[in-house]
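Working notes, beginning with the structure itself.
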Amino acid sequence: MQEPFDIEIYETTYSVFPDGEEAFTVFKEGVEHIHLQRDGENGWLKLHPETGTPLFGMDEEVELLGKAISKHLAS
């Protein structure tokens, strides 16, 4: 199992907790903020906080977080 890690985007620190192979819970400034799941090689989906179902649509923060998570995991 992967260990939690921090990433910084635009001077905001996010704490990322792996929830399995391709899913992550992200905390923003210490508060649970968003659930993400990798969708293919470069795509990311925001998950509904209560049901865990994917929420489709463009979200800049999701894309930025996904890219930062991918970069961290590749290192």
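Values in this text are rule-based calculations from the coordinates and carry no lab data. This structure is a prediction, so every number in the text was calculated from the model and none was measured. Here Cβ is always computed from backbone atoms with ideal geometry, including for glycine, and neighbour counts include all displayed protein chains.
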Find me the longest stretch of the chain that has none of the exposed chymotrypsin sites (Phe, Trp or Tyr not before Pro), where exposed means in a DSSP loop (not H, G, I, E or B) with at most 11 other Cβ atoms within 10 Å.
11-55
Of Y10, S70, P49, farthest towards positive along the dipole that unit charges on Lys, Arg, Asp, Glu beta carbons give the chain
S70
To make sure I understand, if each residue's beta carbon is the centre and we count other beta carbons within 10 Å, what order do H72, H35, H48 fall in, fewest to most?
H48, H72, H35
Among [x] 1.02; [y] 1.11; [z] 0.92, the entry matching Rg/Rh (Cα atoms, Kirkwood Rh) as calculated here is [z]
With a sphere of radius 14 Å drawn around the Cβ of P18, what net charge do the other residues whose Cβ falls strictly inside it have (Lys, Arg +1; Asp, Glu -1)?
-4
What ranking do K67, K46 get, fewest neighbouring Cβ atoms within 10 angstrom at the top?
K67, K46
Charge dipole magnitude, Cβ of K and R +1, D and E -1 - the range 5-74, Cα centre, debye nearest 20:
100
